[in-house]
Structures are given as C-alpha cells and as structure tokens.
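Written below as structure tokens is the structure these notes are about.
The values are calculated or read from the model by the stated rules, or taken from the named source; none is laboratory data. Since we're looking at a predicted model, the values are computed, not measured. Cβ placement follows ideal geometry from the backbone for every residue including glycine, while neighbour counts extend to all protein chains displayed.
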Amino acid sequence: MPDWLNDTVFYEIYPQSFYDSNGDGIGDIEGIIERLDYVKELGCNALWINPCFDSPFKDAGYDVRDYKKVAERYGTNEDLVRLFDTAHKRGIHVLLDLVPGHTSEEHEWFKLSSIAEHNEYSGRYIWTDSWFKGIGGHPYIGGEAQRDGTYMLNFFKCQPALNYGFKEKREPWQTEMHEPDAMATREALKDIMRFWLDKGCDGFRVDMADSLVKDDDENKSGTCEVWRNIREMLDRDYPQAALVSEWSNPWQAINGAGFHMDFYLDHWHNGYNTLLRDYESNEVDNSYFKSDADGDINRFLEDYLPRYNATKDNGYISFMTCNHDTPRPRYTLSEEELKVAYAFLFTMPGVPFLYYGDEIGLNYIKDMPSKEGGYTRTGSRTPMQWTDGVNAGFSEASSDKLYLPVQYGCGESSPEDGINGYKTDRDCSNIKVSVKQAAEDKASLYNAVKDILALRHRERDLHADGSFKVVSCDKHKAFVYQRGSIVVIVNPRDKEVRLDDAALDLIGDMKVIHSVGNAAGLDEKSGSVPGQTVIFLK
Ligand code: NOJ
C-alpha cells in the first residue's frame with residue numbers, strides 16, 4: 001500500500017476546462033502547472049487528470065488513439081513530465097487516467113486488427129469469424145472492416161473492446177484469458193503503465209476497471225486475476241504507485257482485484273445517491289443532505305457499512321463530491337447544504353476526491369448540447385471560474401472559442417440569460433461564482449472546504465486508515481460517528497434535532513475543535529443540535 005495515500009485528498013481535473021494558459025479556448029497542461037499552488041492551498045495534495053492522450057475526442061479522450069502521446073491540444077509529453085516534477089516539488093502526487101478496456105477506433109492497433117491479413121494485432125480486439133455473426137449479448141459493429149467478422153464495443157461506437165479473453169471459451173472465435181492474444185493485451189497494458197510510471201506519474205485512475213475479461217463469473221474472478229497480476233508488477237517495481245478503480249464494488253475491486261482504492265459511485269443506485277442526489281424528478285431531491293428532505297442516514301449506512309467492514313484492512317473506499325460523469329451536487333443542494341455534506345464526505349475513512357469547481361459551488365447546467373460525447377454529462381464539464389473578469393478568468397480566447405461556455409450566476413440566472421442560464425456572447429463582469437469572489441468571502445463554501453481539509457490533514461485520526469464507528473443513527477436524532485479520538489455530530493436538517501443518550505454520554509466533557517454552521521447552539525445538557533450543523537469534538 002503506498003503510504004502517501006493515508007493523508008491524501010485528490011482533486012480531479014477535467015483538463016479541457018481547468019485553465020487555458022495559451023488563449024486557444026481549451027485548458028492545457030501548462031494551465032494545470034500554473035494552478036498547482038491553488039490546489040495545494042485548497043488542501044488537496046494529489047491530482048487525478050482525466051485522459052490527456054492523443055484522441056479524436058469522441059468521448060472526451062476516453063477514446064485513446066495513442067496511449068504514449070499527450071494530445072496536442074494539451075501540450076507535449078515533456079509538459080506532462082514537467083507537471084509531475086513541479087507537482088512533486090509541492091508534495092502533490094499525480095494520477096493519470098488509464099483506459100484499459102477499449103481504445104479509439106483510430107488507434108493503430110485497431111487499424112491493423114481490421115485488415116484481412118493476419119498480423120500481430122489480429123487478436124488484440126474481440127472479433128467474430130464471420131461478418132454476419134454477432135457477439136452474444138454484447139454490442140458489436142459489422143460492415144466497416146476489410147476483415148471478415150464483427151467486433152465488440154466496450155462503450156460508444158468509437159470504442160472497440162480490447163481482448164483480455166473470455167472467462168470460458170464457448171465459441172471458436174473467442175480467446176480464453178490465458179491464450180497468447182489475451183496475454184499480449186495484458187502485457188501491452190503493463191507496458192503503457194510502465195511508460196508513464198517511469199516518467200514520474202504516481203499511478204492511475206482506472207476506467208471501467210471491471211470490464212476486461214468478457215462473460216466473467218459473478219465474482220469477476222477473471223478480471224480480478226488480470227489486476228492481481230498487474231498489482232504484482234506494481235508491488236515489485238513501483239511500490240508507491242497507486243490504483244483507484246471505477247468499479248464501485250469494493251469486495252471485488254479491493255479484496256479481489258487488489259486495487260488500493262475503489263470509488264463509491266452511484267452505478268447501482270446505491271448509498272451514494274441517498275447522500276447527495278436522490279432525484280425523484282429534476283426538481284425534487286430526497287437525499288440525506290437536502291435540508292428539507294427528512295432524510296435517513298440508515299439508507300446510506302446499510303449500503304456502506306458492509307462494504308467498509310469487509311475491505312477496510314485491504315484498501316480504501318473513495319468518496320467524491322461528484323465527477324465528470326455526474327451532475328454537480330450544487331444542482332440541487334445550496335451552498336449551506338453542501339458545507340454540511342462536504343464536512344461529512346471529507347471526514348470519512350478512505351481517500352476522498354474533489355471534482356474541480358465543486359469547492360466554489362459550480363453548478364450543473366442541464367440540457368447543454370453535447371460536447372465530445374458528453375451528452376447529459378456536458379453540464380458538469382464547463383470551465384473553472386477563477387475571476388469575475390472575461391471568461392471568468394479561464395481563458396483569454398474570445399468567448400465563442402471556449403471549449404464550453406462559462407456559467408452565469410450558477411442557478412440564479414433569469415430566463416433572459418440564455419439556455420438554462422448560460423450564453424456565450426455576454427458581459428461576464430457579473431459572474432457570481434468564482435474563486436476570487438469565494439476566497440474573499442469568509443463564509444463561502446470555498447473557505448469551508450479549505451477549513452475542513454485543513455482539519456483532516458491536521459488530525460491523524462481523520463486520515464484514510466483511521467477507525468470509523470457509528471455512535472447513533474436514529475432517523476429522528478442527530479447522526480453521530482466516531483473517528484478515533486474525534487466525535488462528529490451531523491445534522492443536515494433545517495431544524496434542530498437531539499442527540500441520543502449514547503452520544504450524550506460519549507461527548508461528556510469533550511471540546512469542540514471545529515464546526516460548520518451554528519456550533520454555539522449545541523446544548524450539551526438538553527442534547528439539542530441546531531439545524532444544518534456539523535460539530536467535531538475531541
Ligand atoms: C467511464 C468514464 O468516466 C466516462 O467518462 C467514459 O465515457 C466511459 N468510462 C467510457 O470510457
């Protein structure tokens with residue numbers, strides 16, 4: 001286990017939209033380098049950068065054309081190495097995004113795999129042996145290649161599935177997972193990982209990590225075996241390299257496959273949704289942190305606790321504020337509600353992730369026209385808003401050249417402001433959500449995030465491996481949990497609630513060390529906890 005993970009908070013950067021250093025309207029690596037001090041000051045000490053490799057960008061870079069080359073629009077390989085070095089000097093680790101399950105249809109391997117003549121890459125992807133034969137139960141494409149056969153897709157049409165074999169070979173055209181073609185794909189993946197690790201990256205966020213071996217069993221034992229084998233390479237040659245999986249099944253990802261961290265996502269409408277975005281319709285959010293939702297933390301605990309207890313000795317579950325695939329939480333939660341939610345997310349065990357812009361309450365812009373395969377995700381990918389100047393300080397390009405428009409007023413816009421509150425040809429002087437404005441306002445969400453991250457770093461018991469124990473979780477009372485010597489009282493509701501007896505006994509003569517909301521209103525005699533408050537005692 002890389003030791004540095006224990007006291008790490010990640011910052012996820014969608015490179016297109018973070019900071020444009022050369023005025024072409026799109027973010028770049030140099031832009032990230034220039035903003036490393038910002039990340040550090042906020043309290044994050046590691047980055048996850050979404051794919052920044054050569055790509056036709058039909059899925060925002062998750063369609064890789066060359067794994068070993070930085071996309072021109074972001075800079076060069078040398079720039080990326082400079083990012084690693086500059087980040088390391090500031091104590092920041094950098095994870096790249098590894099897409100192991102598929103490539104772009106424009107990848108050289110796929111072009112060679114598509115030709116009729118048998119070659120080294122014929123078995124790199126999953127092909128049937130006839131143009132009119134499909135791939136049982138999987139999406140596939142026919143009619144495009146010279147080769148006689150159809151090929152399997154892993155996600156969009158532009159993303160043919162790489163061949164790591166099938167768990168069981170049932171058709172003559174299938175490869176078993178230990179046959180040479182499948183093993184060659186696995187080795188090619190290791191080679192890509194080594195390439196970037198040797199240049200100084202600190203590990204990878206792994207895209208669709210559970211998707212490698214096809215028709216796997218219910219424990220995904222085939223795919224787990226591939227990752228175990230890769231983990232052996234890391235343990236031997238790169239023991240400080242970290243892997244976080246997009247899997248959201250820690251039993252499999254952490255215990256089975258050997259990932260150091262697994263994201264707590266909402267793939268299965270699980271406990272994550274119950275916390276931050278339990279949409280009944282677009283207007284109604286029933287999540288726990290919605291102050292008037294009458295939420296019940298037990299919905300989350302029932303999902304989370306078994307996962308946590310089963311995996312805590314082997315790795316970390318990673319909470320996130322949101323990511324490039326999900327609506328930003330500001331869509332339904334106010335800044336006050338978010339302060340409470342983040343105080344909880346950032347003081348749970350495991351290694352947390354903050355998506356750029358969530359710290360200033362950037363909003364999700366619904367119904368934005370799709371950009372680079374983003375579809376409904378596009379509204380969470382708009383540029384970071386740095387200042388209240390032109391283009392919110394994101395870029396010096398003219399506003400019609402921006403990768404995506406900056407937002408206006410974040411949720412407070414009037415219909416005249418354009419489609420759902422954004423438009424490109426306007427005066428940006430009244431942008432209401434920016435780092436500049438948030439930093440100046442003592443009561444901002446940004447400053448609350450900064451304070452909570454400082455607390456997390458300061459208190460050893462709040463680090464990733466610190467213990468976690470639920471003290472009380474009665475739906476009608478305050479939610480109270482213990483992290484070693486620290487007790488956390490959470491009340492997301494808009495009205496006061498009471499502590500139960502167990503919590504009252506426990507806090508005895510402990511002192512408040514930090515709070516969000518109105519800690520002064522805590523009455524230790526009656527056990528009353530004011531609304532929208534999180535209190536840390538020691
Ligand atoms: C998950 C990524 O997060 C998403 O953005 C992408 O579209 C798919 N995997 C396909 O790679």
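Looking at the structure I just gave you, is Ile317 of a type in the set (A, V, I, L, M, F, W, C), surrounded by 18 or more Cβ atoms within 10 Å (Cβ to Cβ), more than 14 Å from the chain's Cα centre (by Cα) and under 30 Å from Asp198 (Cα atoms)?
So Ile317 does not fit the description; no.
What residue, among those in region 507-518 that are buried (at least 18 other Cβ atoms within 10 Å of the Cβ) and not in a strand (DSSP E or B), is modelled with the highest pLDDT? Let's see the steps before the verdict.
First, pick out the residues of region 507-518 that are buried (at least 18 other Cβ atoms within 10 Å of the Cβ): 507, 514-517.
Those left that are additionally not in a strand (DSSP E or B): 507, 517.
Details: Ile507: 93, Gly517: 88.
Looking at the filtered set, the residue picked out is Ile507.
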* **The lone exception for Phe132 - which of (1) out of contact with any strand residue (DSSP E or B) (no Cβ under 9 Å at 6 or more places or on another chain); (2) among the aromatic types (Phe, Trp, Tyr); (3) within 16 Å of the ligand (Cβ to nearest atom) it fails** => (3)
* State whether one or more residues within region 91-100 are at pLDDT 95 or above, among the small types (Gly, Ala, Ser) and surrounded by fewer than 21 Cβ atoms within 10 Å (Cβ to Cβ). => yes
* Structure fact -> Here the residues within region 169-186 that are surrounded by 13 or more Cβ atoms within 10 Å (Cβ to Cβ) and not in a loop (DSSP other than H, G, I, E, B) are Glu176, Asp181, Ala182, Met183, Ala184, Thr185, Arg186
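In contact (Cβ under 8 Å) with a residue 12 or more places away in the chain and out of contact with any Lys or Arg (no Cβ under 9 Å at 6 or more places or on another chain): is that true of Arg65 in this structure? Before the answer, list the steps.
Values: in contact (Cβ under 8 Å) with a residue 12 or more places away in the chain: yes; out of contact with any Lys or Arg (no Cβ under 9 Å at 6 or more places or on another chain): yes.
Taking the combined requirement at face value, the residue satisfies it.
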* **Selection count, region 338-397, where residues are of a type in the set (A, V, I, L, M), in contact with a Pro (Cβ under 9 Å, 6 or more places away or on another chain) and over 27 Å from Tyr288 (Cα atoms)** => 2
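Each row is one residue, and each column tells you yes or no for (1) more than 20 Å from Gln407 (Cβ to Cβ); (2) modelled with pLDDT under 95; (3) not hydroxyl-bearing (Ser, Thr, Tyr).
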{"site": "Ile317", "(1), (2), (3)": "yes, no, yes"}
{"site": "Asp325", "(1), (2), (3)": "no, no, yes"}
{"site": "Leu333", "(1), (2), (3)": "no, yes, yes"}
{"site": "Leu338", "(1), (2), (3)": "no, no, yes"}
{"site": "Met348", "(1), (2), (3)": "yes, no, yes"}
{"site": "Glu359", "(1), (2), (3)": "no, no, yes"}
{"site": "Val390", "(1), (2), (3)": "no, yes, yes"}
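Take the conditions closer than 19 Å to Cys322 by Cα, in contact with a Lys or Arg (Cβ under 8 Å, 6 or more places away or on another chain) and of a type in the set (S, T, N, Q) and apply them to Ser248. Does it pass? Even if it seems obvious, please write down each step before you answer.
Details: closer than 19 Å to Cys322 by Cα: yes; in contact with a Lys or Arg (Cβ under 8 Å, 6 or more places away or on another chain): no; of a type in the set (S, T, N, Q): yes.
No; evaluated as a whole, the condition is false for this residue.
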* Asked: Could we say that Val226 is within 28 Å of Asp3 (Cα to Cα), β-branched (Val, Ile, Thr) and surrounded by 17 or more Cβ atoms within 10 Å (Cβ to Cβ) here?
  -> yes
* Asked: Say we look at region 135-153 and pick out the residues that are within 16 Å of the ligand (Cβ to nearest atom) and buried (at least 18 other Cβ atoms within 10 Å of the Cβ); which of these is farthest from Ala182 (Cα to Cα)?
  -> Leu153
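From Phe156, Phe166, Phe195, which residue is of a type in the set (Phe, Trp, Tyr), away from the ligand (no atom under 16 Å from the Cβ), within 18 Å of Pro100 (Cα to Cα) and surrounded by fewer than 18 Cβ atoms within 10 Å (Cβ to Cβ)? Full working, then the answer.
Working: Phe156 fails: away from the ligand (no atom under 16 Å from the Cβ); Phe166 fails: surrounded by fewer than 18 Cβ atoms within 10 Å (Cβ to Cβ).
Result: Phe195 is the single residue among Phe156, Phe166, Phe195 that is of a type in the set (Phe, Trp, Tyr), away from the ligand (no atom under 16 Å from the Cβ), within 18 Å of Pro100 (Cα to Cα) and surrounded by fewer than 18 Cβ atoms within 10 Å (Cβ to Cβ).
Only one of Tyr272, Tyr279, Tyr308 is of a type in the set (Phe, Trp, Tyr), closer than 25 Å to Ala478 by Cα and buried (at least 23 other Cβ atoms within 10 Å of the Cβ). Can you tell me which? Reasoning before the result, please.
Working: Tyr279 fails: buried (at least 23 other Cβ atoms within 10 Å of the Cβ); Tyr308 fails: buried (at least 23 other Cβ atoms within 10 Å of the Cβ).
The match here is Tyr272.
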* Structure fact -> All-but-one check, Leu362 against (1) touching a residue at least 24 places away in the same chain (Cβ under 8 Å); (2) within 16 Å of the ligand (Cβ to nearest atom), failing number (2)
* Residue list for region 255-269, restricted to those being surrounded by fewer than 22 Cβ atoms within 10 Å (Cβ to Cβ) and assigned to a loop (DSSP other than H, G, I, E, B) -> Gly258, Leu265, Asp266, His267, Trp268, His269
* Sole residue being buried (at least 23 other Cβ atoms within 10 Å of the Cβ) and at pLDDT 95 or above, chosen from Asp7, Asp20, Asp24, Asp3 -> Asp20
* Quickly run through region 232-260 and pick out the residues that are among the charged types (D, E, K, R) and under 21 Å from the mean Cα position of the chain (by Cα). => Glu246
* **Residue under evaluation Glu12, criteria (1) in contact (Cβ under 8 Å) with a residue 12 or more places away in the chain; (2) away from the ligand (no atom under 16 Å from the Cβ), criterion not met** => (2)
* When region 360-397 is examined, which residues are found to be surrounded by fewer than 24 Cβ atoms within 10 Å (Cβ to Cβ), farther than 21 Å from Asp441 by Cα and among the hydroxyl-bearing types (Ser, Thr, Tyr)? -> Ser370, Tyr375, Thr376, Thr378
* Asked: Among the residues of region 79-88, is any within 21 Å of the chain's Cα centre (by Cα), within 14 Å of the ligand (Cβ to nearest atom) and not aromatic (Phe, Trp, Tyr)?
  -> no
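Test Ala71 against the stated conditions and say whether it is of a type in the set (A, V, I, L, M), buried (at least 17 other Cβ atoms within 10 Å of the Cβ), within 16 Å of the ligand (Cβ to nearest atom) and touching a residue at least 24 places away in the same chain (Cβ under 8 Å).
Numbers: of a type in the set (A, V, I, L, M): yes; buried (at least 17 other Cβ atoms within 10 Å of the Cβ): yes; within 16 Å of the ligand (Cβ to nearest atom): yes; touching a residue at least 24 places away in the same chain (Cβ under 8 Å): no.
The answer is no for Ala71.
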* **Set Gln407, Gln482: member being in contact with a helix residue (DSSP H, G or I) (Cβ under 9 Å, 6 or more places away or on another chain) and at pLDDT below 95** => Gln407
* Would you check if Asp235 is closer than 24 Å to Ala310 by Cα, touching a residue at least 40 places away in the same chain (Cβ under 8 Å) and in the same structural domain as Tyr264 (by TED's automatic domain parsing)? => no
